[in-house]
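Heads up, the thing below is written out as structure tokens.
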Amino acid sequence: MTRVFSGIQPSGELHIGNYLGAVKNWVALQGQHESFFCIVNYHAITVAYLPDDLRRRTRDMAISLLASGLDEAKCTLFVQSDVPEHTELQWIFNTVTPLGELERQVQFKDKAGKQEQVMAGLLNYPVLQAADILLYLADTVPVGEDQVQHLELSRVVARNWNARFSPDAPYFPEPQPKLTPTRRIVGLDGQAKMSKSLGNTIGLLETPDEMWNKLRPAITDPARQRKTDPGTPENCKTVFELHKAFSSAETVKEVDENCRGAKWGCIDCKKVLHANMVAELTPIRTRAEALQANPKQVDALLAEGGRKARAVAQETIRTVKDKMGLDARG
Ligand code: SF4
């Protein structure tokens with residue numbers, strides 16, 4: 001069975017961009033592959049943060065993931081810091097990763113350019129990502145387009161380590177990306193990718209009224225100033241894309257025709273979208289409310305996921321140490 005690994009930052013409650021761009025796909029994959037899904041809290045500490053806030057965001061993320069349909073019977077859901085072998089393998093991989101490979105990572109250059117003082121953790125972030133994946137010998141990684149370069153680095157790391165310590169029979173697989181079907185959800189501003197830091201999101205667990213209050217003013221095709229102006233759905237980056245994600249193929253066809261033919265106003269179109277979003281997201285919100293009322297259950301599920309993940313991780317580290325001569329007493 002193929003092994004899948006993917007991680008998500010502990011950013012608190014999911015928004016619909018994360019849900020459509022990553023988590024919905026994880027739910028589909030969990031029964032078909034041996035799946036490890038990790039809340040990557042070590043990746044979240046390269047910037048300033050408050051410890052209590054990180055703790056809360058980690059649990060809230062777990063609640064969103066479980067409510068979205070991740071099932072502990074079909075996958076291993078865990079928190080990265082519960083498995084110390086992630087950082088152990090990262091140190092080992094630091095010793096086979098050329099500095100130049102890290103310095104040319106686009107995300108590093110983008111983020112470093114915005115910070116006064118750049119911490120080494122920001123540069124080494126992709127090495128920890130390689131360790132996250134390879135610790136589970138995962139051969140498939142569901143990713144968004146912006147993560148493809150990091151995954152390429154994981155392959156370089158696997159190749160370099162295999163060449164030095166396992167040349168005859170490569171131990172680490174070179175993980176391949178599996179691009180998520182919904183690649184990029186544009187935010188309500190119609191401009192940038194949906195992101196909490198830009199304030200252009202709809203939260204996954206928001207009530208129908210809260211969702212409508214955000215959807216109603218969302219930017220649409222600028223050519224549609226009046227209801228009688230014909231539109232081009234492709235120019236409506238947010239609402240049309242959300243229809244493709246939440247509405248049936250028939251409805252998407254209807255939206256396309258009614259937009260081009262100026263038969264619907266944008267509010268009519270958004271009302272249909274809102275109804276379809278509410279239909280899909282209400283059961284998720286109901287499950288989340290039950291989990292929020294029982295945080296001990298969530299903590300127990302994460303602890304059990306951590307135990308399962310650690311058993312696999314320890315096996316990998318044992319083999320790695322053996323091949324590298326790090327098992328000092330044989
Ligand atoms: Fe967008 Fe719908 Fe308005 Fe067309 S009718 S511009 S798809 S909101």
Once Gln115 and Asp139 are pulled to full extension, the length gained, defined as 0.36 nm per residue separation minus their Cα-Cα distance, is 5.2 nm
Output ordering of 266-272, 8-14 (per-residue mean of other Cβ within 10 Å, highest first) is 8-14, 266-272
For the chain, the per residue accessible area (1.4 Å probe, Å²) is 48 Å²
Sorted list, accessible surface of protein heavy atoms, 1.4 Å probe, largest first, for Met324, Met194 is Met324, Met194
Residue-ordered couplings for segment 26-37, obtained by feeding phi - 60° into the Karplus form 6.51 cos²θ - 1.76 cosθ + 1.60 and rounding to whole Hz (Gly and Pro as x), are 4, 4, 5, 7, 4, x, 8, 9, 6, 10, 10, 10
When the charge dipole of segment 175-301 is computed with +1 on Lys and Arg Cβ and -1 on Asp and Glu Cβ about the Cα centre, the Cα farthest towards its positive end, among Val298, Thr201, Gly261, belongs to Thr201
log10 I(q)/I(0) for the chain, Debye formula on C-alpha points only (no solvent), q = 0.10, 0.16 Å⁻¹, two decimals, reads -0.65, -1.36
The alpha-carbon center of segment 302-330 and that of segment 3-40 are separated, in whole Å, by 24 Å
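Go through 105-115, 88-98, 50-60 and give me the packing order, highest mean Cβ count within 10 Å leading. Provide the component values of the computation, followed by the final result.
Values: 105-115: 12.6, 88-98: 17.9, 50-60: 14.2.
Most protected by this proxy first, the peptides run 88-98, 50-60, 105-115.
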Residue-ordered couplings for segment 6-13, obtained by feeding phi - 60° into the Karplus form 6.51 cos²θ - 1.76 cosθ + 1.60 and rounding to whole Hz (Gly and Pro as x), are 8, x, 9, 5, x, 9, x, 4
Packing-ranked peptide list from 290-298, 169-177, highest mean Cβ count within 10 angstrom first, is 169-177, 290-298
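I'd like the carbon and sulfur percentage of the solvent accessible area for segment 179-283, probe radius 1.4 Å, heavy atoms only, ligands and nucleic acids excluded. Don't skip to the end; give the middle numbers.
Working: 2840 of 5450 Å².
Carbon plus sulfur share of accessible area: 52 percent.
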Rounded to 0.05, the calculated FRET efficiency for the beta carbons of Gln176 and Val106 at R₀ = 22 Å is 0.65
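Could you give the length gained by full extension between Gln292 and Glu280, i.e. 0.36 nm per residue of separation minus their alpha carbon distance, to one decimal place?
Values: separation 12, 0.36 × 12 = 4.32 nm, distance 1.95 nm.
Stretched out fully, the Gln292 to Glu280 stretch lengthens by 2.4 nm.
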For segment 248-253, in residue order, the Karplus 3J(HN,Hα) values (coefficients 6.51, -1.76, 1.60; θ = phi - 60°; whole Hz; Gly and Pro = x) are 6, 4, 5, 5, 4, 5
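Once the Cβ-Cβ distance between Leu326 and Asp299 is put in as r, and R0 is 30 Å, what FRET efficiency do you end up with, to the nearest 0.05?
Efficiency, rounded to the nearest 0.05: 0.35.
Based on the alpha-carbon gyration tensor of segment 193-317, what equivalent-ellipsoid semi-axes (square roots of 5 times the eigenvalues) come out, in whole Å, largest first? Intermediate results must be reported in sequence, preceding the final value.
Values: eigenvalues 310, 56, 36 Å².
Taking √(5λ) for each Cα gyration eigenvalue gives 39, 17, 13 Å.
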Two pseudo-spin positions, 7 Å from Cα along C-beta at Val252 and at Leu99, lie apart in nanometres by 4.8 nm
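The values are calculated or read from the model by the stated rules, or taken from the named source; none is laboratory data. Being a predicted model, the structure only gives us computed values, none of them experimental. Cβ: placed from backbone, ideal geometry, glycine included. Neighbour counts: every protein chain shown. To get the accessible areas, we keep the full protein, side chains included, count just its heavy atoms, and leave off ligands, DNA and RNA. Shrake-Rupley method; radii C 1.70, N 1.55, O 1.52, S 1.80 Å.
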